[in-house]
Amino acid sequence: MKIDYLHIRSGFKNVQDLEIDFDNRQLLTVLIGRNGSGKSNVIEALVRIFRALDLGDEPAPFSYKLSYSLGSSSDRRIEVDASPEYGSTPIQQHKIQVSTLGESGQYSLPESISLSKVTRDKEGNSDYLPKHLFAYYSGPSDRLEDLFKPH
């Protein structure tokens with residue numbers, strides 16, 4: 001998985017209207033900043049986003065837009081536009097579109113899919129989520145550990 005773009009629109013902790021356009025030519029991304037600038041909150045926000053997509057029964061944690069690609073050659077692009085304001089159920093709150101990379105090297109027109117199609121099945125499989133999500137937090141804190149427990 002490669003995250004291409006993240007826009008946290010509504011406030012998540014101290015992160016408000018933050019846009020990150022990740023370099024799609026690099027596989028490694030480093031977040032650097034002063035203490036208290038929101039680096040850990042961005043990582044926690046991503047964990048909360050993928051947790052909601054993975055479980056499928058949680059409301060959108062905040063308003064955001066996320067674009068990421070999956071596959072060994074980034075052959076699928078998934079775009080998620082989510083907000084608690086879009087409706088009262090998790091399915092209404094998540095607008096998801098998928099594009100597929102064609103032989104010409106161009107992505108297809110996006111196809112809308114339901115959150116229920118993204119969520120992992122009973123065997124733990126999903127065509128629209130990464131197989132693994134790893135997060136490392138330096139320091140004595142269990143802020144991320146609690147988010148991973150249901151998985």
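The values are calculated or read from the model by the stated rules, or taken from the named source; none is laboratory data. Please read all numbers here as calculations on a predicted model, not as lab measurements. Glycine gets a Cβ as well: all are built from the backbone with ideal geometry, and neighbour counts include every protein chain shown.
Applying the condition of being aliphatic (A, V, I, L, M) and in contact with a Pro (Cβ under 8 Å, 6 or more places away or on another chain) to region 91-119 and asking which residue is surrounded by the fewest Cβ atoms within 10 Å (Cβ to Cβ) yields V98. Suppose the filter is within 14 Å of the chain's Cα centre (by Cα), among the aliphatic types (A, V, I, L, M) and more than 14 Å from L129 (Cα to Cα); does I20 pass it? For I20, the condition - within 14 Å of the chain's Cα centre (by Cα), among the aliphatic types (A, V, I, L, M) and more than 14 Å from L129 (Cα to Cα) - is met. Among the conditions (1) surrounded by fewer than 16 Cβ atoms within 10 Å (Cβ to Cβ); (2) of a type outside the set (S, T, N, Q); (3) in contact with a Gly (Cβ under 6 Å, 6 or more places away or on another chain), the only one that V15 does not satisfy is (1). Put simply, of Y86, Y5, Y64, Y107 the only residue that is farther than 24 Å from K122 by Cβ and touching a residue at least 60 places away in the same chain (Cβ under 8 Å) is Y5.
For region 42-55, a residue qualifies if it is surrounded by fewer than 18 Cβ atoms within 10 Å (Cβ to Cβ) and either polar (S, T, N, Q) or in contact with a Ser or Thr (Cβ under 8 Å, 6 or more places away or on another chain) (or both), and exactly one does: L55. Being hydrophobic (A, V, I, L, M, F, W, C), over 21 Å from P130 (Cα atoms) and part of a loop (DSSP other than H, G, I, E, B) is a condition met by at least one residue of region 32-40.
Looking only at region 1-23, residues that are among the hydroxyl-bearing types (S, T, Y) and part of a loop (DSSP other than H, G, I, E, B) come to 1 in all. For first residues located in region 27-52 and under 15 Å from I3 (Cα atoms), partners that are of a type in the set (D, E, K, R) and surrounded by 10 or more Cβ atoms within 10 Å (Cβ to Cβ) and lie 6+ apart or on another chain with Cβ distances below 6 Å form the pairs L31/K39.
Return the only residue of S126, S88 being surrounded by 14 or more Cβ atoms within 10 Å (Cβ to Cβ) and assigned to a loop (DSSP other than H, G, I, E, B). Answer to the check: S126.
Condition check ((1) hydrophobic (A, V, I, L, M, F, W, C); (2) closer than 24 Å to L27 by Cβ; (3) at pLDDT 90 or above; (4) touching a Phe, Trp or Tyr at 6+ places or on another chain (Cβ under 6 Å)) across all residues:
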residue: A45; (1), (2), (3), (4): yes, yes, yes, yes
residue: A52; (1), (2), (3), (4): yes, no, yes, no
residue: Y68; (1), (2), (3), (4): no, yes, yes, no
residue: D81; (1), (2), (3), (4): no, no, yes, no
residue: H94; (1), (2), (3), (4): no, no, yes, no
residue: Y107; (1), (2), (3), (4): no, yes, yes, no
residue: S114; (1), (2), (3), (4): no, no, yes, no
residue: Y136; (1), (2), (3), (4): no, yes, no, no
residue: P140; (1), (2), (3), (4): no, no, no, no
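Condition check for L27 on (1) part of a strand (DSSP E or B); (2) modelled with pLDDT under 90: one failure, at (1).
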